[in-house]
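*Asks:* Below you will find the structure I want to go over with you.
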Amino acid sequence: MTPTLREVTVRGQDIELAWSDARPATTLPLMWLRDNSPEGLHPDTKQRLVDTFAIPAELATRAITVEDQGRGLAVEWAGGGQASYFSAAFLASLRADPEVLPVRVRTWDRDQIAGRVPSVPYAAYMSSEATVKQFLEQIAEVGFSFVEGVPATPEATQAVAGRVAYTRQTIFGGYWDFTANLEHKDTAYTSMAIGPHTDGTYSLDAPGYQMFHCLAAECTGGENLLVDAFRIAEIMRRDAPEDFRLLTEVAIPGQYIDEGRGIHLMARRPLFRLDAAGQLAQVSYNNLDRAPFTLPPARQRAFYRALATFNALCNDPSLQYRRRLLPGAVLLFDNWRVLHARDAYTGYRRLAGVYLNKEDLESRLRSLRARAGEAI
Ligand SMILES: [Fe+2]
(Lines give C-alpha, C1' and ligand atoms only; values in the text may rest on other atoms or scores of the structure.)
Protein backbone atom coordinates (compact mmCIF):
# COMPACT_ATOMS: atom_id res chain seq x y z
CA MET A 1 0.00 0.00 0.00
CA THR A 2 1.30 3.45 -0.89
CA PRO A 3 2.18 5.45 2.22
CA THR A 4 0.51 8.80 2.75
CA LEU A 5 1.91 12.10 3.96
CA ARG A 6 0.99 13.34 7.42
CA GLU A 7 2.62 16.73 7.55
CA VAL A 8 5.04 19.06 5.78
CA THR A 9 7.29 21.53 7.59
CA VAL A 10 9.49 24.18 5.97
CA ARG A 11 12.90 24.59 7.61
CA GLY A 12 14.86 27.32 5.87
CA GLN A 13 15.67 26.10 2.37
CA ASP A 14 14.51 22.52 3.14
CA ILE A 15 11.19 20.82 3.71
CA GLU A 16 10.62 17.91 6.03
CA LEU A 17 7.96 15.36 5.16
CA ALA A 18 6.41 13.29 7.94
CA TRP A 19 4.70 10.05 6.91
CA SER A 20 1.59 8.44 8.29
CA ASP A 21 3.41 5.12 8.75
CA ALA A 22 6.54 4.45 10.80
CA ARG A 23 9.08 5.37 8.13
CA PRO A 24 11.58 8.13 8.93
CA ALA A 25 10.91 11.68 7.79
CA THR A 26 12.17 12.74 4.37
CA THR A 27 14.11 15.99 4.00
CA LEU A 28 14.31 17.64 0.59
CA PRO A 29 15.77 21.00 -0.42
CA LEU A 30 13.41 23.48 -2.12
CA MET A 31 15.94 23.60 -4.96
CA TRP A 32 15.44 19.86 -5.45
CA LEU A 33 11.65 20.24 -5.54
CA ARG A 34 11.87 22.92 -8.20
CA ASP A 35 14.39 20.91 -10.21
CA ASN A 36 12.37 17.68 -10.02
CA SER A 37 8.88 19.12 -10.33
CA PRO A 38 6.73 16.76 -12.46
CA GLU A 39 5.40 19.86 -14.25
CA GLY A 40 8.97 20.50 -15.40
CA LEU A 41 9.13 17.26 -17.39
CA HIS A 42 8.25 16.83 -21.03
CA PRO A 43 4.90 14.99 -20.96
CA ASP A 44 5.95 12.38 -23.53
CA THR A 45 9.71 11.95 -23.20
CA LYS A 46 9.79 12.47 -19.41
CA GLN A 47 12.97 14.47 -19.95
CA ARG A 48 13.71 17.51 -17.80
CA LEU A 49 12.57 20.76 -19.38
CA VAL A 50 13.15 22.98 -16.37
CA ASP A 51 16.36 25.02 -16.58
CA THR A 52 18.18 23.83 -13.45
CA PHE A 53 20.71 26.64 -13.64
CA ALA A 54 18.07 29.36 -13.80
CA ILE A 55 16.61 28.31 -10.43
CA PRO A 56 17.69 30.85 -7.80
CA ALA A 57 19.78 29.47 -4.94
CA GLU A 58 17.43 31.06 -2.41
CA LEU A 59 13.84 29.98 -2.98
CA ALA A 60 10.66 30.95 -1.24
CA THR A 61 7.21 29.43 -1.32
CA ARG A 62 3.78 31.00 -1.00
CA ALA A 63 2.25 27.75 0.27
CA ILE A 64 3.19 24.12 0.73
CA THR A 65 0.35 21.83 1.67
CA VAL A 66 -0.41 18.17 2.03
CA GLU A 67 -3.42 17.41 -0.17
CA ASP A 68 -5.81 14.62 -1.16
CA GLN A 69 -5.82 12.92 2.26
CA GLY A 70 -2.03 12.70 2.23
CA ARG A 71 -1.72 11.40 -1.29
CA GLY A 72 -0.05 14.52 -2.65
CA LEU A 73 2.06 17.59 -1.92
CA ALA A 74 1.26 20.94 -3.55
CA VAL A 75 3.83 23.72 -3.79
CA GLU A 76 3.08 27.31 -4.81
CA TRP A 77 6.25 29.21 -5.45
CA ALA A 78 6.72 32.82 -4.34
CA GLY A 79 7.36 35.16 -7.23
CA GLY A 80 5.27 33.14 -9.65
CA GLY A 81 6.32 30.17 -11.67
CA GLN A 82 4.29 27.09 -12.30
CA ALA A 83 2.95 25.38 -9.17
CA SER A 84 4.26 21.89 -8.45
CA TYR A 85 2.38 18.79 -7.41
CA PHE A 86 4.14 15.66 -6.19
CA SER A 87 2.34 12.40 -5.51
CA ALA A 88 3.10 10.74 -2.17
CA ALA A 89 3.91 7.55 -4.10
CA PHE A 90 6.67 9.37 -5.99
CA LEU A 91 8.07 11.00 -2.85
CA ALA A 92 8.00 7.68 -0.99
CA SER A 93 9.85 5.91 -3.82
CA LEU A 94 12.88 8.23 -3.82
CA ARG A 95 16.18 6.46 -3.30
CA ALA A 96 19.78 7.59 -3.34
CA ASP A 97 20.49 4.85 -5.92
CA PRO A 98 17.50 4.87 -8.28
CA GLU A 99 19.38 2.90 -10.96
CA VAL A 100 19.87 -0.14 -8.73
CA LEU A 101 16.88 -2.47 -9.06
CA PRO A 102 15.63 -3.39 -5.61
CA VAL A 103 16.01 -7.16 -5.42
CA ARG A 104 16.06 -9.68 -2.66
CA VAL A 105 19.39 -11.33 -3.44
CA ARG A 106 19.47 -14.90 -2.17
CA THR A 107 22.99 -16.31 -2.36
CA TRP A 108 23.34 -20.06 -2.57
CA ASP A 109 25.63 -23.06 -2.37
CA ARG A 110 25.23 -26.54 -3.86
CA ASP A 111 22.86 -27.83 -1.20
CA GLN A 112 20.74 -24.70 -1.09
CA ILE A 113 20.15 -24.62 -4.85
CA ALA A 114 19.58 -28.38 -5.17
CA GLY A 115 15.90 -29.18 -5.40
CA ARG A 116 14.93 -25.55 -6.01
CA VAL A 117 16.60 -24.85 -9.34
CA PRO A 118 14.70 -21.94 -10.89
CA SER A 119 12.97 -22.52 -14.22
CA VAL A 120 9.95 -21.62 -16.30
CA PRO A 121 8.26 -23.63 -19.08
CA TYR A 122 8.89 -22.56 -22.68
CA ALA A 123 5.26 -22.34 -23.87
CA ALA A 124 4.22 -20.05 -21.01
CA TYR A 125 7.41 -18.03 -21.35
CA MET A 126 6.73 -17.33 -25.01
CA SER A 127 3.09 -16.38 -24.49
CA SER A 128 2.88 -14.75 -21.07
CA GLU A 129 4.50 -11.55 -19.85
CA ALA A 130 3.94 -12.74 -16.30
CA THR A 131 6.17 -15.76 -16.98
CA VAL A 132 8.90 -13.56 -18.46
CA LYS A 133 8.70 -11.51 -15.27
CA GLN A 134 8.88 -14.65 -13.13
CA PHE A 135 11.98 -15.75 -15.08
CA LEU A 136 13.70 -12.37 -14.66
CA GLU A 137 12.81 -12.20 -10.95
CA GLN A 138 14.44 -15.61 -10.48
CA ILE A 139 17.59 -14.36 -12.19
CA ALA A 140 17.58 -11.21 -10.04
CA GLU A 141 17.29 -13.32 -6.91
CA VAL A 142 19.67 -16.24 -7.48
CA GLY A 143 21.59 -15.18 -10.59
CA PHE A 144 20.28 -17.72 -13.12
CA SER A 145 17.28 -19.60 -14.41
CA PHE A 146 16.31 -22.06 -17.12
CA VAL A 147 13.64 -22.02 -19.78
CA GLU A 148 12.71 -25.69 -20.16
CA GLY A 149 11.27 -27.44 -23.20
CA VAL A 150 12.74 -25.15 -25.86
CA PRO A 151 13.01 -26.59 -29.39
CA ALA A 152 16.72 -27.28 -30.09
CA THR A 153 16.96 -24.83 -32.97
CA PRO A 154 18.79 -21.53 -33.48
CA GLU A 155 15.45 -19.82 -34.16
CA ALA A 156 13.89 -20.92 -30.86
CA THR A 157 17.04 -19.97 -28.95
CA GLN A 158 17.03 -16.49 -30.42
CA ALA A 159 13.31 -16.15 -29.76
CA VAL A 160 13.87 -16.96 -26.08
CA ALA A 161 16.54 -14.26 -25.88
CA GLY A 162 14.38 -11.82 -27.83
CA ARG A 163 11.67 -12.02 -25.16
CA VAL A 164 14.13 -10.32 -22.81
CA ALA A 165 16.19 -7.89 -24.88
CA TYR A 166 18.13 -7.40 -28.08
CA THR A 167 21.36 -9.31 -28.55
CA ARG A 168 24.63 -7.62 -27.77
CA GLN A 169 27.17 -7.40 -30.58
CA THR A 170 30.78 -8.18 -29.73
CA ILE A 171 33.92 -9.26 -31.56
CA PHE A 172 32.35 -12.75 -31.57
CA GLY A 173 29.29 -11.44 -33.39
CA GLY A 174 25.80 -11.41 -31.90
CA TYR A 175 24.05 -14.77 -31.67
CA TRP A 176 26.76 -17.42 -31.69
CA ASP A 177 26.51 -21.11 -32.41
CA PHE A 178 29.60 -23.26 -32.48
CA THR A 179 31.37 -26.57 -32.07
CA ALA A 180 34.98 -27.08 -30.97
CA ASN A 181 36.66 -25.59 -34.01
CA LEU A 182 38.83 -22.81 -32.53
CA GLU A 183 37.06 -20.34 -34.76
CA HIS A 184 38.02 -17.67 -32.24
CA LYS A 185 41.20 -17.49 -30.18
CA ASP A 186 39.60 -18.69 -26.98
CA THR A 187 39.45 -21.95 -25.01
CA ALA A 188 35.65 -21.73 -25.20
CA TYR A 189 36.10 -22.90 -28.80
CA THR A 190 37.96 -26.07 -27.77
CA SER A 191 36.87 -29.21 -25.92
CA MET A 192 39.28 -28.48 -23.03
CA ALA A 193 38.02 -27.95 -19.50
CA ILE A 194 37.29 -24.32 -18.64
CA GLY A 195 37.50 -23.32 -14.99
CA PRO A 196 35.04 -21.02 -13.21
CA HIS A 197 35.14 -17.53 -14.70
CA THR A 198 33.10 -14.59 -15.86
CA ASP A 199 33.17 -13.43 -19.48
CA GLY A 200 34.46 -10.10 -20.68
CA THR A 201 37.06 -9.18 -18.05
CA TYR A 202 38.67 -7.33 -20.99
CA SER A 203 35.51 -5.31 -21.63
CA LEU A 204 34.85 -1.98 -19.89
CA ASP A 205 31.21 -3.04 -19.77
CA ALA A 206 31.36 -6.82 -19.35
CA PRO A 207 28.27 -8.58 -20.72
CA GLY A 208 25.58 -8.42 -18.08
CA TYR A 209 24.00 -11.74 -18.93
CA GLN A 210 24.84 -14.79 -20.97
CA MET A 211 22.49 -17.33 -22.46
CA PHE A 212 23.50 -20.91 -23.33
CA HIS A 213 21.56 -23.48 -25.28
CA CYS A 214 23.18 -26.81 -26.07
CA LEU A 215 21.72 -27.70 -29.46
CA ALA A 216 23.48 -31.07 -29.69
CA ALA A 217 25.32 -33.12 -27.07
CA GLU A 218 26.55 -36.33 -28.65
CA CYS A 219 29.48 -36.42 -26.29
CA THR A 220 30.69 -37.62 -22.93
CA GLY A 221 31.72 -35.11 -20.26
CA GLY A 222 31.11 -31.46 -20.86
CA GLU A 223 29.10 -30.93 -17.70
CA ASN A 224 28.54 -27.26 -16.88
CA LEU A 225 28.80 -25.72 -13.50
CA LEU A 226 27.75 -22.44 -11.94
CA VAL A 227 29.08 -20.80 -8.79
CA ASP A 228 27.46 -17.91 -6.94
CA ALA A 229 30.39 -15.51 -6.57
CA PHE A 230 28.26 -13.28 -4.33
CA ARG A 231 28.29 -16.20 -1.88
CA ILE A 232 32.08 -16.41 -2.21
CA ALA A 233 32.23 -12.69 -1.40
CA GLU A 234 30.16 -13.26 1.76
CA ILE A 235 32.46 -16.08 2.83
CA MET A 236 35.63 -14.09 2.18
CA ARG A 237 34.28 -10.98 3.89
CA ARG A 238 33.67 -13.13 6.97
CA ASP A 239 36.64 -15.55 6.94
CA ALA A 240 39.35 -13.71 5.02
CA PRO A 241 38.54 -9.99 5.35
CA GLU A 242 42.01 -8.81 4.30
CA ASP A 243 41.92 -10.93 1.15
CA PHE A 244 38.42 -9.66 0.46
CA ARG A 245 39.42 -6.03 0.88
CA LEU A 246 42.43 -6.44 -1.39
CA LEU A 247 40.23 -7.87 -4.13
CA THR A 248 37.93 -4.85 -3.84
CA GLU A 249 40.93 -2.54 -4.29
CA VAL A 250 43.28 -4.00 -6.89
CA ALA A 251 42.09 -3.29 -10.42
CA ILE A 252 43.02 -6.39 -12.40
CA PRO A 253 43.56 -5.93 -16.13
CA GLY A 254 41.98 -8.43 -18.51
CA GLN A 255 42.84 -8.75 -22.16
CA TYR A 256 41.79 -10.49 -25.35
CA ILE A 257 44.27 -10.74 -28.19
CA ASP A 258 43.63 -11.86 -31.75
CA GLU A 259 46.57 -10.59 -33.77
CA GLY A 260 45.24 -11.94 -37.04
CA ARG A 261 42.14 -9.77 -36.77
CA GLY A 262 44.01 -6.85 -35.25
CA ILE A 263 42.17 -7.06 -31.92
CA HIS A 264 43.62 -6.25 -28.51
CA LEU A 265 40.93 -5.49 -25.96
CA MET A 266 41.86 -4.39 -22.45
CA ALA A 267 39.97 -3.26 -19.38
CA ARG A 268 40.58 -3.37 -15.67
CA ARG A 269 38.55 -3.43 -12.50
CA PRO A 270 38.69 -5.09 -9.09
CA LEU A 271 37.57 -8.71 -8.85
CA PHE A 272 34.94 -7.53 -6.37
CA ARG A 273 33.68 -4.16 -7.58
CA LEU A 274 31.76 -2.24 -4.94
CA ASP A 275 29.33 0.55 -5.73
CA ALA A 276 29.45 4.00 -4.14
CA ALA A 277 27.44 2.69 -1.18
CA GLY A 278 29.94 -0.13 -0.55
CA GLN A 279 27.60 -2.84 -1.86
CA LEU A 280 29.00 -5.58 -4.09
CA ALA A 281 28.00 -4.62 -7.63
CA GLN A 282 30.01 -6.92 -9.89
CA VAL A 283 32.37 -9.87 -9.86
CA SER A 284 34.97 -10.15 -12.64
CA TYR A 285 37.26 -13.15 -12.78
CA ASN A 286 39.04 -14.92 -15.58
CA ASN A 287 42.52 -15.98 -14.62
CA LEU A 288 43.32 -17.02 -18.19
CA ASP A 289 42.67 -13.51 -19.48
CA ARG A 290 44.56 -11.63 -16.75
CA ALA A 291 47.13 -9.29 -18.34
CA PRO A 292 50.57 -8.68 -16.80
CA PHE A 293 50.57 -5.90 -14.23
CA THR A 294 52.75 -5.10 -11.27
CA LEU A 295 52.23 -4.12 -7.65
CA PRO A 296 54.75 -3.30 -4.92
CA PRO A 297 56.31 -6.67 -3.89
CA ALA A 298 54.53 -7.08 -0.54
CA ARG A 299 51.21 -6.19 -2.08
CA GLN A 300 51.91 -8.47 -5.02
CA ARG A 301 52.36 -11.41 -2.64
CA ALA A 302 49.21 -10.46 -0.76
CA PHE A 303 47.38 -10.25 -4.08
CA TYR A 304 48.41 -13.77 -5.08
CA ARG A 305 47.28 -15.05 -1.67
CA ALA A 306 43.91 -13.32 -2.00
CA LEU A 307 43.46 -14.61 -5.54
CA ALA A 308 44.28 -18.13 -4.37
CA THR A 309 41.67 -17.85 -1.60
CA PHE A 310 39.07 -16.83 -4.17
CA ASN A 311 40.12 -19.54 -6.63
CA ALA A 312 39.97 -22.25 -3.97
CA LEU A 313 36.37 -21.26 -3.15
CA CYS A 314 35.45 -21.25 -6.87
CA ASN A 315 36.64 -24.84 -7.08
CA ASP A 316 34.99 -26.02 -3.87
CA PRO A 317 32.37 -28.58 -4.97
CA SER A 318 30.10 -27.61 -2.06
CA LEU A 319 29.61 -24.21 -3.72
CA GLN A 320 29.00 -25.54 -7.25
CA TYR A 321 25.75 -26.26 -9.02
CA ARG A 322 26.44 -28.85 -11.73
CA ARG A 323 24.24 -29.73 -14.64
CA ARG A 324 24.87 -31.23 -18.03
CA LEU A 325 23.25 -28.87 -20.50
CA LEU A 326 21.10 -30.78 -22.96
CA PRO A 327 18.96 -29.71 -25.90
CA GLY A 328 15.76 -28.11 -24.66
CA ALA A 329 17.11 -26.29 -21.59
CA VAL A 330 18.09 -22.66 -22.13
CA LEU A 331 20.22 -21.22 -19.35
CA LEU A 332 20.37 -17.46 -18.72
CA PHE A 333 22.73 -16.26 -16.01
CA ASP A 334 24.04 -13.04 -14.53
CA ASN A 335 27.62 -12.68 -15.75
CA TRP A 336 28.30 -10.01 -13.11
CA ARG A 337 27.55 -12.48 -10.34
CA VAL A 338 27.62 -16.13 -11.37
CA LEU A 339 30.82 -17.85 -12.50
CA HIS A 340 30.47 -20.51 -15.17
CA ALA A 341 32.69 -23.43 -16.09
CA ARG A 342 32.68 -26.55 -18.22
CA ASP A 343 34.35 -29.93 -17.94
CA ALA A 344 36.38 -31.34 -20.81
CA TYR A 345 34.41 -33.50 -23.23
CA THR A 346 34.92 -35.91 -26.07
CA GLY A 347 32.55 -36.17 -28.97
CA TYR A 348 30.31 -33.65 -30.69
CA ARG A 349 28.77 -30.72 -28.88
CA ARG A 350 27.04 -27.71 -30.38
CA LEU A 351 26.47 -24.76 -28.12
CA ALA A 352 24.56 -21.60 -28.99
CA GLY A 353 23.99 -18.42 -27.09
CA VAL A 354 23.92 -14.68 -26.80
CA TYR A 355 25.07 -11.91 -24.54
CA LEU A 356 22.57 -9.41 -23.19
CA ASN A 357 23.40 -6.03 -21.72
CA LYS A 358 22.94 -5.44 -18.02
CA GLU A 359 20.74 -2.39 -18.41
CA ASP A 360 18.52 -3.97 -21.05
CA LEU A 361 17.44 -6.89 -18.90
CA GLU A 362 16.95 -4.55 -15.94
CA SER A 363 14.88 -2.25 -18.14
CA ARG A 364 12.63 -5.16 -19.09
CA LEU A 365 12.15 -6.16 -15.47
CA ARG A 366 11.60 -2.56 -14.35
CA SER A 367 8.83 -2.08 -16.90
CA LEU A 368 7.24 -5.47 -16.09
CA ARG A 369 7.22 -4.51 -12.41
CA ALA A 370 5.72 -1.10 -13.15
CA ARG A 371 2.95 -2.75 -15.17
CA ALA A 372 2.29 -5.09 -12.24
CA GLY A 373 2.06 -2.07 -9.91
CA GLU A 374 5.20 -3.06 -8.00
CA ALA A 375 8.10 -0.98 -6.74
CA ILE A 376 10.88 -0.40 -9.25
FE1 LIG B 1 32.76 -18.18 -20.67
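The values are calculated or read from the model by the stated rules, or taken from the named source; none is laboratory data. Because the structure is a prediction, the values reported are computed rather than measured. Quick reminder, even Gly has a Cβ in these numbers, built from the backbone with ideal geometry, and neighbours come from all protein chains shown. Just so you know, the surface numbers come from the protein's heavy atoms only, side chains and all, with ligands and any DNA or RNA stripped out. Shrake-Rupley method; radii C 1.70, N 1.55, O 1.52, S 1.80 Å.
*Asks:* Solvent-accessible area per residue for segment 99-376 at a 1.4 Å probe radius, Å²?
*Replies:* 44 Å²
*Asks:* For M126, put the label point 7 Å out on the Cα→Cβ axis and report which residues of segment 324-341 keep their amide N under 15 Å from it.
*Replies:* The answer is 328-330.
*Asks:* If you wrap a convex hull around the alpha carbons of segment 99-376, what volume per residue comes out, as a whole number of Å³?
*Replies:* 130 Å³
*Asks:* What distance in nm lies between label points placed 7 Å from Cα along the C-beta direction at E259 and D111?
*Replies:* It works out to 5.1 nm between the two label points.
*Asks:* Okay, which of segment 141-160 sit inside 15 Å, backbone N to the point 7 Å along the Cα-Cβ direction of S93?
*Replies:* Inside the label zone: nothing.
*Asks:* What percent antiparallel are the DSSP beta bridges of the chain, to the nearest 5?
*Replies:* Of the beta bridges lying entirely in the chain, close to 95 percent run antiparallel.
*Asks:* Now for a separate question. Mind putting a number on the dipole of segment 64-178 about its Cα centre? Charges go on the C-beta only, +1 for Lys and Arg and -1 for Asp and Glu, and I need it in Debye to the nearest 20.
*Replies:* 180 debye
*Asks:* Right, something else. Sum -39500 (n - 2.57) across every DSSP H segment of at least 4 residues in the chain, then divide by the residue count to get the 222 nm mean residue ellipticity, nearest 500. Working shown, then result.
*Replies:* Values: 10 runs with 96 residues, N = 376.
The per-residue figure over the chain is -7500 deg cm²/dmol.
*Asks:* For the residue pair I376 and R23, what label-to-label distance in nm results when each label sits 7 Å from Cα along the Cα-to-beta-carbon direction?
*Replies:* Spacing of the two 7 Å Cα→Cβ label points: 1.7 nm.
*Asks:* Need one number: nm distance between label points at Q169 and M192, each 7 Å from Cα along Cα→Cβ, rounded to one decimal.
*Replies:* 3.1 nm
*Asks:* Another question, then. What do you get for the angle between helix 129-142 and the principal long axis of the chain? Use alpha-carbon atoms, 0 to 90 degrees, nearest ten.
*Replies:* So the inclination is approximately 80 degrees.
*Asks:* Treating the angle as unsigned and between 0 and 90°, give the value, to the nearest 10°, between the Cα long axis of helix 229-239 and the longest Cα principal axis of the chain.
*Replies:* That helix lies at roughly 80 degrees to the long axis.
*Asks:* Evaluate E = 1/(1 + (r/R0)^6) for A54 and V100, where r is the Cβ-Cβ distance and R0 equals 41 Å; express this FRET efficiency to the nearest 0.05.
*Replies:* After rounding to 0.05, the efficiency reads 0.85.
*Asks:* Beyond 18 Å, what share of the Cα-Cα pairs of segment 5-92 is found? Please give it as a whole percent.
*Replies:* Tail of P(r) above 18 Å: 41 percent of Cα pairs.
*Asks:* Between segment 192-218 and segment 252-285, what is the C-alpha centre distance in whole Å?
*Replies:* Using only Cα atoms, the two centres lie 14 Å from each other.
*Asks:* I'd like the distance between the alpha-carbon centres of segment 11-81 and segment 105-159, rounded to an integer number of Å.
*Replies:* The distance from the Cα centre of segment 11-81 to that of segment 105-159 comes to 42 Å.
*Asks:* In units of 2.2 N^0.38 Å, what is the alpha-carbon radius of gyration of segment 247-376?
*Replies:* 1.32
*Asks:* Further question on the same structure: Considering the dipole of the chain built from charges on the beta carbon (Lys and Arg +1, Asp and Glu -1) around the Cα centre, which of I15, P98, V160 is farthest to its positive end?
*Replies:* The one lying farthest along the dipole's positive direction is V160.
*Asks:* Can you tally the net charge around A233? Count Lys and Arg as +1, Asp and Glu as -1, for every other residue whose Cβ sits under 12 Å from the Cβ of A233.
*Replies:* +2
*Asks:* Any idea what the dipole of the chain comes to, in debye rounded to 20, about its Cα centre with Lys/Arg Cβ at +1 and Asp/Glu Cβ at -1?
*Replies:* 640 debye
*Asks:* Okay, next question. Report in % the part of the accessible area of the chain that belongs to carbon and sulfur, leaving out ligands and nucleic acids; probe 1.4 Å.
*Replies:* 53 percent
*Asks:* Right, next: Scanning the chain for GluC sites (Glu not before Pro) in DSSP loops with at most 16 other Cβ atoms within 10 Å, what's the longest stretch left with none?
*Replies:* By the stated rule (loop sites, at most 16 other Cβ atoms within 10 Å), 224-373.
*Asks:* Something else: Between E67 and E141, what is the FRET efficiency for a Förster distance of 41 Å, r being their Cβ-Cβ separation, to the nearest 0.05?
*Replies:* The calculated FRET efficiency here is 0.60.
*Asks:* Per residue, how large is the accessible surface of segment 5-92? Use a 1.4 angstrom probe and give square angstrom. Intermediate results must be reported in sequence, preceding the final value.
*Replies:* Values: 5180 Å² over 88 residues.
Result: 59 Å² per residue.
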